[in-house]
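Before any comments, here is the structure.
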Amino acid sequence: MNILVAGASGGIGRVFCQYLHFNKHNVFTLTRDKTKTKDIIPFAEEHYQWDENWFVNLDKFDAVINLTGASIGKRWTKTYKKEIYLSRIERTKEIVRHLNSFKNKSITLFNSSAIGFYPSMGNEIITEEIPPGNNFLSKVCRDWEHEALSLKNPHRIIIGRFGIVLKKDDLALQRILMSYKFGFGVVIGKGQQWISWIHIEDLMNILGIVLQNEKFNGIYNFVSPNPIQYIDWIRTIGKILNKPFLLSVPDYLVKLAFGEQSSILLSSQRVIPKRLIESGIVFKFPEIEGAMKSLLT
């Protein structure tokens, strides 16, 4: 397939471009700075910039992968929250507008989203049918998906609500591992909040499958079938590293340190990939221990 990857220079975009190249697909990139992207992804067929007329090349592509968006890992100032929002909404709106003007053939659009779409629901299981929450991230995801769902025939739309993506260089994982250098794992709050995650290999494989199989359309939770409570995740890492001691940080300190951003750390979202399972998807890393061992040993 000929695949245009928007946001190709990001953490997931880089890995996905490598995955596509390894599997003999032709990669094209769409980023803010194609000179920089050429160094990161030298094997791409062509590189485009947002401020160029990239859309005149739509007839080349079988699929467009939209992974754009400013990181939510930085501190949420008022200005940066606006960047988080607009970097997703405006780019998605642009892609959909140009695809809707292009009728020569059907192109698949895969648009990333996040499980931040959902409210914090304690121990309740969350599937794709659950409506959005009412916090900042929920609004971002709701409006992001709304723009993507404006895609019209003859094109196909797939939206993937990503959980925490487990990969070796992930910032969240690196922060957790940093505490173990001092001999202990840090549990945020009471540790009872549910964490919904997916191993990077499963994410890449599932992306590859849904792109090539026309039966996939609409919204899917891109998470492992087995979410885990935060304290058990930290215990699993400690077990693998043979450093079992845990230190708990109370909720109020987390809120004081991170402000509104603490909602990411303290929310409980027990999300399962109902539609992927019903479609016959098999996960290489369905359990957290196997996933963490693959990354830490």
inquiry  = For ASP170, only one of the following conditions fails: (1) touching a Lys or Arg at 6+ places or on another chain (Cβ under 6 Å); (2) of a type in the set (Asp, Glu); (3) at pLDDT below 95. What is its number?
reply    = (1)
query = If we scan the range 159-176, do we find a residue that is outside any strand (DSSP E or B), touching a Phe, Trp or Tyr at 6+ places or on another chain (Cβ under 9 Å) and surrounded by 20 or more Cβ atoms within 10 Å (Cβ to Cβ)?
reply = yes
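Quick grid of which residues meet (1) free of Cβ contacts under 8 Å to residues at least 24 places away in the same chain; (2) assigned to a helix (DSSP H, G or I); (3) open to solvent by less than 40 Å² (accessible area, probe 1.4 Å):
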{"site": "GLY183", "(1), (2), (3)": "no, no, yes"}
{"site": "VAL187", "(1), (2), (3)": "no, no, yes"}
{"site": "LEU211", "(1), (2), (3)": "no, yes, yes"}
{"site": "TRP233", "(1), (2), (3)": "no, yes, yes"}
{"site": "SER248", "(1), (2), (3)": "no, no, no"}
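Yes/no matrix, rows are residues, columns are (1) surrounded by fewer than 12 Cβ atoms within 10 Å (Cβ to Cβ); (2) within 10 Å of LEU4 (Cβ to Cβ); (3) more than 24 Å from the chain's Cα centre (by Cα):
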site: TYR48; (1), (2), (3): no, yes, no
site: LEU58; (1), (2), (3): no, yes, yes
site: ASP62; (1), (2), (3): no, yes, no
site: ILE72; (1), (2), (3): no, no, no
site: LYS78; (1), (2), (3): yes, no, no
query = Can you name the condition, by its number, that TYR85 falls short on among (1) touching a residue at least 12 places away in the same chain (Cβ under 8 Å); (2) out of contact with any strand residue (DSSP E or B) (no Cβ under 8 Å at 6 or more places or on another chain); (3) within 27 Å of GLY208 (Cβ to Cβ)?
reply = (3)
request  = For residues that are crowded, with 18+ Cβ neighbours inside 10 Å, without any contact (Cβ under 8 Å) to a residue 40 or more places away in the chain and outside any loop (DSSP other than H, G, I, E, B), tally how many sit in the range 92-142.
outcome  = 2
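The values are calculated or read from the model by the stated rules, or taken from the named source; none is laboratory data. All of these numbers come straight from a predicted model, not from anything done at the bench. When we count neighbours, we look across all protein chains shown, and the Cβ atoms used for this are built from the backbone with ideal geometry, even at glycine. Accessible surface is based on the protein model in full, side chains and every heavy atom, while ligands, DNA and RNA are left aside. Shrake-Rupley method; radii C 1.70, N 1.55, O 1.52, S 1.80 Å.
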